[in-house]
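The structure appears below as structure tokens.
The values are calculated or read from the model by the stated rules, or taken from the named source; none is laboratory data. What you see is a predicted model; the values in this text were computed from it and never measured. In this analysis, Cβ positions are derived from the backbone assuming ideal geometry, glycine residues included, and neighbour counts consider all displayed protein chains. With ligands, DNA and RNA removed, areas are computed over all heavy atoms of the protein, side chains included. Shrake-Rupley method; radii C 1.70, N 1.55, O 1.52, S 1.80 Å.
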Amino acid sequence: MRELSSIRQDINSVDAAIRELFLLRMSLAREVAQTKAQTDDAIYKPDREAEIIQKRATGMSEELRIKYIALLQSMIRASREYQYSEVLRLNPAKFPFHPSEAALHPRSVYYQGAPGAYQELAARALFPSCEPQNVPTWEQVFQSVRDGEADAGVVPVENTTAGTVSEIYDLLLEYDLSINYSYIKKIRHCLAAPRGASLAQIQQVCSHPHALPQCHDFISAHGLQAIEVANTAIAAQTVAAKQDKTLAAICSREAAELNGLDILAESINDIKHNETRFIAVSRTLTSRPEDNRIEIAFHIPNVAGSLNGVLDIFAGYHIDMTQIYSRPIKDSPWCYVFYIDFTGNMRDHAVQSLLYQLHEELPYIKVIGSYYVADTTEE
């Protein structure tokens, strides 16, 4: 049996040879890309790749064959990525997405709910010069933007306690709108009741379906009956209109004050680090120099390993995914549309190469938005 040091020397020699062969392989891939840039030939040819793998993996034990196929697939994937990158360098017009470079300056901004809603506070923070207008539903926000009645709409997409707002993702695709801005706000829920009411009198509490679970511990500890309403600010309006001292609302301080309610308790959410991410949507996809996040939606072939293949592409470009989410496709049982949020700017070459590759290799992809995410959260 040889000494370990001697074996390692041979491994080093093999690794050095692999390195040289890798550089040669990539040089050849670059030549292929230069040819395909002129002929407009497709880079991704799955049938040819499958044939290559099948031929070159024969004659091995099953265990080594599996390992070699994984190595070969990785090499082929790296070659494809290099080709997409080179084709874009030679022909930037190949990039399939064309965002506007102009910032969004909306005159009319719509949100769901009533004055004092967290969505209104987010709209005012994003667009200080606008006077936000409320509508009853999220779908009406999207309809109004699509039809040109509103220049932009502000809606919530995620809360650190209650999770993702699934309906918003469905509406983004249904109404073909784009995300232009993102805003994260700390949420401090209040318990608000008619003037003169005491906490001991409260028997029922009403609020939005996402706000109620955020205050589950408080509601349970006080034995309150939870009632769902369309919005936290609408909850405040309801309590103010009924003037029932056994009924309270979970809402913002602003909504309580606007409706003349007493605040019986503050910061009643279970998790004190409670934050909601809001987005501004419009009819135009934009990309500004300061943007650092991109969101896409896509379908994948109904083949084993398809999603893993997409994730491998992200890894190949060293691009950091910050969120992945799926929703069922209407009228297609057990088929899904996937959403990925990732870091980067659409002007970066690596990001453009990634999006170009996904556009060429997936049956459907849409860039939903490009926006900036701040390092700090608004109080």
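Dividing the summed helix terms, -39500 (n - 2.57) for each DSSP H run of n ≥ 4, by the number of residues in the chain produces a 222 nm estimate of -13000 deg cm²/dmol to the nearest 500.
Rolling a 1.4 Å probe over the protein heavy atoms of region 172-296, with every protein chain left in place, gives an accessible area that is 48 percent carbon and sulfur.
Helix 306-316 and the longest principal axis of the C-alpha atoms of the chain enclose an angle of approximately 80°.
Of Leu199, Leu224, Leu23, the residue with the greatest mean-square motion in the GNM of the chain, using alpha carbon springs below 10 Å, is Leu23. Solvent-accessible area of region 1-77 (1.4 angstrom probe, protein heavy atoms only): carbon and sulfur portion equals 55 percent.
Cross-link pairs exceeding 20 Å between alpha carbons, from the set Lys94/Lys366; Lys185/Lys272; Lys36/Lys94; Lys45/Lys366; Lys94/Lys330; Lys186/Lys242: Lys45/Lys366; Lys94/Lys330; Lys186/Lys242. Protein heavy-atom accessible surface, 1.4 Å probe, per residue over region 1-114: 69 Å².
Of the labelled options (i) 4, 12, 12, 13, 11, 9, 9, 8, 6, 4, 3, 2, 2, 1, 1, 0, 0, 0, 0; (ii) 5, 23, 31, 25, 13, 4, 1, 0; (iii) 5, 19, 24, 19, 14, 10, 6, 3, 0, which one gives P(r) over Cα pairs in 10 Å bins from 0, in percent as computed for this structure? Here P(r) over Cα pairs in 10 Å bins from 0, in percent agrees with entry (iii). Only protein atoms count toward the accessible area here, which uses a 1.4 Å probe; on region 315-379, the carbon and sulfur part of that area reaches 51 percent. Relative to the longest principal axis of the Cα atoms of the chain, helix 4-39 runs at roughly 80 degrees. With axes computed from alpha carbons, what is the tilt in degrees of helix 232-242 against the longest principal axis of the chain, rounded to the nearest 10 within 0 to 90? Around 20 degrees separate the two axes. For region 269-307, the set of GluC sites (Glu not before Pro) satisfying both a DSSP loop assignment and a count of at most 15 other C-beta atoms within 10 Å is given as Glu290.
Per-residue 3J(HN,Hα) values for region 70-87, derived from phi via the Karplus relation 6.51 cos²θ - 1.76 cosθ + 1.60 with θ = phi - 60°, read 4, 5, 5, 4, 5, 5, 5, 4, 4, 5, 4, 4, 5, 5, 4, 4, 5, 4 Hz in sequence order (x marks Gly and Pro). The stretch between Glu51 and Leu72 holds 6.4 nm of extra length on full extension. This uses 0.36 nm per residue minus the Cα-Cα distance. Multiplying the residue separation of Ile227 and Glu131 by 0.36 nm and removing their Cα-Cα distance gives an extension gain of 31.5 nm.
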